[in-house]
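What follows is a set of notes on a single structure, which appears directly below.
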């Protein structure tokens, strides 16, 4: 047995079922997600079927993500110490029932491999966008996921890769899954058009407003009217329809409308604003940010 497989067994302990699920999930990453991708469109025909709501909540409580801002992402990829935060307080950051552990062990040990969502779409490139942080996950990818072109990268390379994806409208997300340990470890650059989790939430919200597997970053957007030239670039780049420039009547022409309730705080609009008229602020009406400076204050830090 390879060391990476043994680490997986150690992580799950007596839950052999989760070890097997974990093994299958990453070992056969593409067919696993491909199957979900094929079944996903059926959700749009079930918006009348309310009994699906508790089923959706059960699934989303076990497999979900946290949108992270550019600055909070940089903090993850500049870690030089281990973080282990296993607490009920984590639900203030990751508002789900089960997979809420914030753990980064050996954070400089990083691997990247092909994204199964992008492979399934056959249109989105480049496909190498899933990043594993920490030896437990990264070493398993390197040992068992060569067919998905897994390779080791440095922290600096990871930051550059994420910057490149963000420039093309990809949303940075940290993924959590009970079967893979219920903790952080996978950071993905998600295309809104092919990401299974983002598409699942979009379809699920049409069934029930409480169904979401994507937690907001914890930030909302501040608009400086004096700097804004109403170029509408922020409207174009927003993947959640949270910014609009109304043009229906002369009286409303050019009026900017911002819906912070649907805004996920991904910060893409801030980065793309040519006038620097936008910024983000911590919105305490939303889940707290995955800000490692804040997490360190609540966690056990092992140097």
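Brief remarks follow.
- In the set (1) surrounded by 22 or more Cβ atoms within 10 Å (Cβ to Cβ); (2) farther than 21 Å from residue 75 by Cβ, the condition left unmet by residue 147 is number (1).
- Residue-level check: of (1) part of a strand (DSSP E or B); (2) surrounded by 21 or more Cβ atoms within 10 Å (Cβ to Cβ), residue 96 misses just (1).
- Residue match in the stretch 115-137 (condition: over 18 Å from the mean Cα position of the chain (by Cα), farther than 21 Å from residue 37 by Cβ and either surrounded by 18 or more Cβ atoms within 10 Å (Cβ to Cβ) or in contact (Cβ under 8 Å) with a residue 60 or more places away in the chain (or both)): yes
- Qualifying residue in the stretch 152-171 (condition: touching a helix residue (DSSP H, G or I) at 6+ places or on another chain (Cβ under 6 Å), surrounded by fewer than 21 Cβ atoms within 10 Å (Cβ to Cβ), part of a helix (DSSP H, G or I) and not assigned by TED's automatic domain parsing to the domain that holds residue 267): no
- Test: residue in the stretch 2-9 that is in contact (Cβ under 8 Å) with a residue 12 or more places away in the chain and part of a loop (DSSP other than H, G, I, E, B): yes
- Qualifying residue in the stretch 236-244 (condition: over 15 Å from the mean Cα position of the chain (by Cα), buried (at least 16 other Cβ atoms within 10 Å of the Cβ), in a helix (DSSP H, G or I) and not assigned by TED's automatic domain parsing to the domain that holds residue 109): yes
- Top-ranked residue of the stretch 181-224 - restricted to ones that are modelled with pLDDT under 90 and not in a loop (DSSP other than H, G, I, E, B), ranked as surrounded by the fewest Cβ atoms within 10 Å (Cβ to Cβ): 203
The values are calculated or read from the model by the stated rules, or taken from the named source; none is laboratory data. Bear in mind that the values here come from a model prediction, so they are computed numbers and not experimental data. We place every Cβ from the backbone using ideal geometry, glycine too, and count neighbours over all the protein chains shown.
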